[in-house]
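This report concerns only the one structure given below.
The values are calculated or read from the model by the stated rules, or taken from the named source; none is laboratory data. Treat the numbers as computed from the prediction; the structure is a model and nothing was measured. Please note: Cβ atoms are built from the backbone with ideal geometry, for glycine as well, and neighbour counts cover all protein chains shown. Calculation scope for accessible area: heavy atoms of the full protein, side chains included, ligands and nucleic acids excluded. Shrake-Rupley method; radii C 1.70, N 1.55, O 1.52, S 1.80 Å.
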Amino acid sequence: MGSFRTSLRDILQGLPDAVDQVAGYSLGGRFAMGLIAANPTRFSRALIVSAHPGLTDHAERARRAALEREWVVRLRSEGIEAFVRAWEAQPLFSTQTRLPEAVMKGQRAQRLRQRAEGLAQSLEQHGLARMPSLWGPLARFPGQLDWIVGSADRKFLAIAREVARRRASTRLRILPGIGHNPLLECPEILAECID
């Protein structure tokens, strides 16, 4: 968890004073939550899309750590192409099969441009199992919190609803029929939500 906190400190130090809003999707959402936890009064608004505030159960954290180790081994032993095939086959991304072929090819090309070792190190340093729980700081965030999630992303929908339950002033937007990645699945609708 130290690497996560070190990364947050470095990001905060590099931000210009004029930046008073933070946004993030998935892992980026975890970093956004980490930033508001590290300095709650620094940001007036946070926009979180399909993200997890962290694991609170030790057994769940251990299971997640084992899963992340499997992904790291796959990256290092089989390479980026095998990793991308397996990554895209996760149920989390099943709604993306409805997208036009050109969109899917573009997404795959973007994933294949990543470096296997860079992704492995990211999982080792910033995976969900390594991230501290941010539920408490998130509930106490004094700024405006907007949360966006797809209705077809059942796991993250449940998380979003729990965030809204713990922090009643959260503005929760549920996108009908959308899965885990609104940036890919409905960029126009997401842009309207952000505006």
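Taking a ≥ b ≥ c as the square roots of the Cα gyration tensor eigenvalues, with a/c under 1.5 meaning rounded and otherwise prolate when a/b beats b/c, else oblate, which class fits segment 2-47?
On the way: a/c = 1.71, a/b = 1.13, b/c = 1.51.
The shape class here is oblate.
At a 1.4 Å probe, what is the % contribution of carbon and sulfur to the accessible area of the chain?
Details: 5470 of 10340 Å².
Taking all protein chains in place, the chain shows 53 percent carbon and sulfur surface.
If N is the number of residues in segment 41-195, what value comes out of its Cα radius of gyration divided by 2.2 N^0.38 Å?
On the way: Rg = 16.7 Å, N = 155, 2.2 N^0.38 = 15.0 Å.
Normalised Rg, Cα atoms only: 1.12.
Sort 170-182, 83-95 by the packing proxy (mean of other Cβ within 10 Å over each peptide's residues), most packed first.
On the way: 170-182: 18.5, 83-95: 15.3.
The densest-packed peptide leads the list: 170-182, 83-95.
Might you report the magnitude of the Cβ-based charge dipole of segment 1-69 about its Cα centre, with Lys and Arg at +1 and Asp and Glu at -1, to the nearest 20 debye? Walk me through the intermediate numbers first.
Values: 9 positive and 6 negative charges, 40 e Å.
Taking the Cα centre of segment 1-69 as origin, the dipole is about 200 debye.
Would you tally the net charge around Leu75, using a Cβ to Cβ cut-off of less than 13 Å, leaving Leu75 out, and scoring K and R as +1, D and E as -1?
Numbers: positive: Arg69, Arg74, Arg76, Arg85, Arg111, Arg115; negative: Glu68, Glu70, Glu78, Glu81, Glu117, Glu124.
Around Leu75, the charge tally is 0.
In nm, to one decimal, how far is the Ala164 label point from the Ser77 one, both placed 7 Å along Cα→Cβ?
4.3
With Cβ to Cβ distances under 15 Å as the rule, what net charge do the other residues near Gln107 carry (K, R +1; D, E -1)? Write out the running numbers ahead of the final one.
Details: positive: Arg85, Arg98, Lys105, Arg108, Arg111, Arg113; negative: Glu81, Glu88, Glu101, Glu185.
Within the 15 Å Cβ shell, the charges total +2.
In percent, how large is the relative contact order of the chain, given Cα pairs closer than 8 Å and 6 or more residues apart? Write down the numbers at each step before the final one.
On the way: 279 pairs, mean separation 51.1, N = 195.
Relative contact order comes out at 26 percent.
Set the Förster distance to 22 Å, then compute FRET efficiency between Gln96 and Arg9 from the Cβ-Cβ distance, nearest 0.05.
My answer for the efficiency is 0.05.
Which of the peptides 52-60, 161-169, 26-34 is most tightly packed, and how do the rest follow, going by the mean number of other Cβ atoms within 10 Å of each residue?
On the way: 52-60: 15.3, 161-169: 13.7, 26-34: 21.1.
The most tightly packed comes first, giving 26-34, 52-60, 161-169.
For segment 104-180, count all C-alpha to C-alpha pairs, find those more than 20 Å apart, and express that count as a whole percent of the total.
Tail of the P(r) past 20 Å holds 54 percent of the pairs.
What FRET efficiency do you get for Ile174 and Thr41 if R0 is 25 Å and r is their Cβ-Cβ distance, rounded to the nearest 0.05?
Working: r = 29 Å, r/R0 = 1.16.
Plugging the Cβ-Cβ distance into 1/(1 + (r/R0)^6) gives 0.30.
Regarding segment 1-120, what whole-number volume in Å³ per residue does the convex hull of its Cα atoms give? Spell out each step's value before the answer.
Details: hull volume 17.3 nm³, N = 120.
So the per-residue Cα hull volume is 144 Å³.
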